[in-house]
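As structure tokens, the structure follows; a few thoughts come after it.
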Amino acid sequence: MLRAAALMGIAPAQFWKLSLLEWRALTTPSGPSLPRREFDLMMKTRPDERTEANG
């Protein structure tokens, strides 16, 4: 595992500070990305709410 961390550019000191959850987040493959068509549909059906903070 330390070698894998080194290949990712993580120094040994940083590696030993990682929690198991953080290590898994770095090394577990992610699922497929959301297709653009589905993203556009989601943006239409569930737009971000506007507040004074975000304009």
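Every number here is computed from the coordinates shown, using simple stated rules; none is lab data. What you are looking at is a predicted structure, and each value in this text was computed from that prediction instead of being measured. Ideal geometry is used to build each Cβ from the backbone, glycine not excepted, and the neighbour counts take in all protein chains shown.
Go through region 1-36 residue by residue and tally those that are charged (D, E, K, R) and surrounded by 10 or more Cβ atoms within 10 Å (Cβ to Cβ).
Qualifying residue count, region 1-36: 3.
Residues that are more than 19 Å from the chain's Cα centre (by Cα): list the helices (runs of 4 or more DSSP H) wholly contained in the chain that include at least 2 such residues.
Where helices (runs of 4 or more DSSP H) fall fully within the chain and carry at least 2 residues being more than 19 Å from the chain's Cα centre (by Cα), they are 2-7, 12-17, 36-45.
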